[in-house]
1. For LEU340, all conditions in the list (1) assigned to a loop (DSSP other than H, G, I, E, B); (2) modelled with pLDDT under 95 hold save one; what is the number of the exception?
2. Looking at this structure, is MET90 of a type outside the set (Asp, Glu), part of a loop (DSSP other than H, G, I, E, B) and surrounded by 16 or more Cβ atoms within 10 Å (Cβ to Cβ)?
3. Give the residue that is nearest to ALA341 (Cα to Cα), with candidates limited to residues of the stretch 383-394 that are surrounded by fewer than 20 Cβ atoms within 10 Å (Cβ to Cβ) and not small (Gly, Ala, Ser).
4. Among the residues that make up the stretch 166-178, is at least one of them out of contact with any Cys (no Cβ under 9 Å at 6 or more places or on another chain) and closer than 28 Å to GLY293 by Cα?
5. Say whether the condition of being aliphatic (A, V, I, L, M), crowded, with 17+ Cβ neighbours inside 10 Å and touching a Pro at 6+ places or on another chain (Cβ under 9 Å) is met by at least one residue in the stretch 334-348.
6. For the structure I just gave you, tell me whether ALA295 is in a loop (DSSP other than H, G, I, E, B) and either of a type in the set (A, V, I, L, M) or touching a Cys at 6+ places or on another chain (Cβ under 6 Å) (or both).
7. Do we find a residue being closer than 19 Å to ARG291 by Cα and buried (at least 17 other Cβ atoms within 10 Å of the Cβ) anywhere in the stretch 55-75?
Amino acid sequence: MQSKPLNIICIATFFKGGDFMRECKAQGSNVILVTKEKMLHEDWPRDVLDEVFALPNDAPVELFLDLVSHIAKTRKPDRIVALEEFDVVMAALAREHLCISGMSSSTAKAFRDKFAMAAKARDAGLTVPDFVPLINDEQIREYLNRVPSPWVIKPRSDVSAIGIRKLDQTDDVWAAIDELNQREALRERASYHVLARFIAGEVFHVDSLVHGGRVTFAGVNKYGRPPLQVAHGGGAYISQTIPYDSPDKRKILEINRRLIKAMAMQTGATHAEFIKSEVDGDFHFLEIAARVGGAYNADVLEAASGINLWREWAKLEVSDSGARPKLKPGKDHAGIILSLARQEFPDTSAYNDPEIVYRVKKKHHAGLIVRSKSHERVTQLLDDYSQRFTGDFIAVLPPLERAE
């Protein structure tokens with residue numbers, strides 16, 4: 001614990017990171033939350049917050065920088081931390097504005113730009129699906145002649161499967177580029193997108209804690225279906241831990257280690273995704289973010305390992321020690337099923353297996369987290385719940401074009 005309380009500004013323009021803020025306070029820090037007006041009503045851990053500031057929903061960068069400067073007049077910040085994907089660059093700019101140590105804006109932007117991160121992964125020797133930015137016509141034409149379809153067009157800075165579309169014909173690609181370039185919002189035009197080869201296969205994700213540029217903990221999970229399929233076809237989102245002795249786990253952890261080194265992450269949390277090609281069995285890099293994974297990933301990993309990513313990340317932020325933390329994760333298995341629900345407050349009481357350790361409490365969402373010593377038992381439960389959720393809860397909405 002610090003001899004002098006640190007002043008930590010947490011930027012969270014979406015509702016998350018309560019455990020992070022609670023742990024910072026438990027470690028003796030002063031905790032200041034910066035959010036947006038639309039999030040002010042959420043159940044933030046106000047009992048541990050020294051101050052809360054809410055900016056207008058459309059606040060520009062300059063207003064964020066002015067606010068942190070205002071805070072610094074009376075509380076000199078020691079750390080500025082982004083708890084949400086969309087705040088990673090903002091926090092970096094705020095650190096640079098006040099000359100506070102931490103991830104630079106150039107490093108942060110690479111974690112937010114699918115084109116930049118793919119280039120870094122490729123340069124580090126990782127296998128990456130062939131890609132091209134939608135900027136230069138000649139380069140795009142050469143790519144389409146060389147790389148077989150199908151392809152996906154992805155926004156360079158959005159999250160999950162938001163805004164992604166799968167295309168099979170060259171003419172469709174050019175039509176999509178024309179459509180994007182007609183958009184009123186400049187940041188939605190073609191140059192803010194990347195075209196990549198679609199790889200069919202199983203999608204894995206790795207959630208890591210990083211200290212001093214080295215991975216101190218990493219949990220590997222596999223999606224029941226790729227997020228792109230869920231976003232465009234509906235159905236339940238499923239993710240679960242993979243067997244601890246799996247050769248796939250050893251391979252992914254090594255790839256993840258090389259990736260984090262290439263991305264120049266020093267301290268923090270990362271969420272990376274890889275797809276195992278059903279053609280050659282190789283692992284292809286998809287994306288990485290400088291944050292804790294969403295969709296209750298942290299809760300699943302805590303159920304399996306006993307490691308709370310948010311709390312351990314907070315400890316890394318407040319620590320003045322260069323020593324590598326020694327974590328002793330457990331080796332249970334866990335998984336989640338989550339879906340949009342037709343009901344405002346879905347009733348999951350009919351699901352009463354003793355392996356259920358958490359029930360999602362969110363409007364129009366049904367979700368369960370299960371834990372067992374047996375990987376097979378977790379798989380069995382999730383398969384069963386997937387069929388039952390279809391009749392009991394699942395609602396389907398059109399895929400998001402942009403983050404709400």
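The values are calculated or read from the model by the stated rules, or taken from the named source; none is laboratory data. Note that the coordinates shown come from a computational prediction; the quantities given were computed from them, not determined experimentally. No Cβ is skipped: glycine too gets one built from the backbone with ideal geometry, and neighbour counts run over all protein chains shown. SASA here: full protein model, heavy atoms, side chains in, ligands and nucleic acids out. Shrake-Rupley method; radii C 1.70, N 1.55, O 1.52, S 1.80 Å.
1. (1)
2. Values: of a type outside the set (Asp, Glu): yes; part of a loop (DSSP other than H, G, I, E, B): no; surrounded by 16 or more Cβ atoms within 10 Å (Cβ to Cβ): yes.
Spelling it out, it is not the case that MET90 is of a type outside the set (Asp, Glu), part of a loop (DSSP other than H, G, I, E, B) and surrounded by 16 or more Cβ atoms within 10 Å (Cβ to Cβ).
3. That would be ILE394.
4. Yes - at least one qualifying residue is present in the stretch 166-178.
5. Looking only at the stretch 334-348, we keep the residues that are aliphatic (A, V, I, L, M), and these are 334, 336-338, 340-341.
Now restrict to residues that are crowded, with 17+ Cβ neighbours inside 10 Å: 334, 336-338, 340-341.
Still in the running and touching a Pro at 6+ places or on another chain (Cβ under 9 Å): none.
No, the stretch 334-348 contains no residue that is aliphatic (A, V, I, L, M), crowded, with 17+ Cβ neighbours inside 10 Å and touching a Pro at 6+ places or on another chain (Cβ under 9 Å).
6. Numbers: in a loop (DSSP other than H, G, I, E, B): yes; either of a type in the set (A, V, I, L, M) or touching a Cys at 6+ places or on another chain (Cβ under 6 Å) (or both): yes.
So ALA295 fits the description; yes.
7. Of the stretch 55-75, the ones closer than 19 Å to ARG291 by Cα are none.
Within the stretch 55-75, none of the residues are closer than 19 Å to ARG291 by Cα and buried (at least 17 other Cβ atoms within 10 Å of the Cβ).
Yes/no matrix, rows are residues, columns are (1) open to solvent by less than 40 Å² (accessible area, probe 1.4 Å); (2) assigned to a helix (DSSP H, G or I); (3) touching a Gly at 6+ places or on another chain (Cβ under 7 Å):
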position	(1), (2), (3)
ALA108	yes, yes, no
ALA118	yes, yes, no
ALA121	yes, yes, no
VAL128	yes, no, no
GLU142	no, yes, no
VAL152	yes, no, no
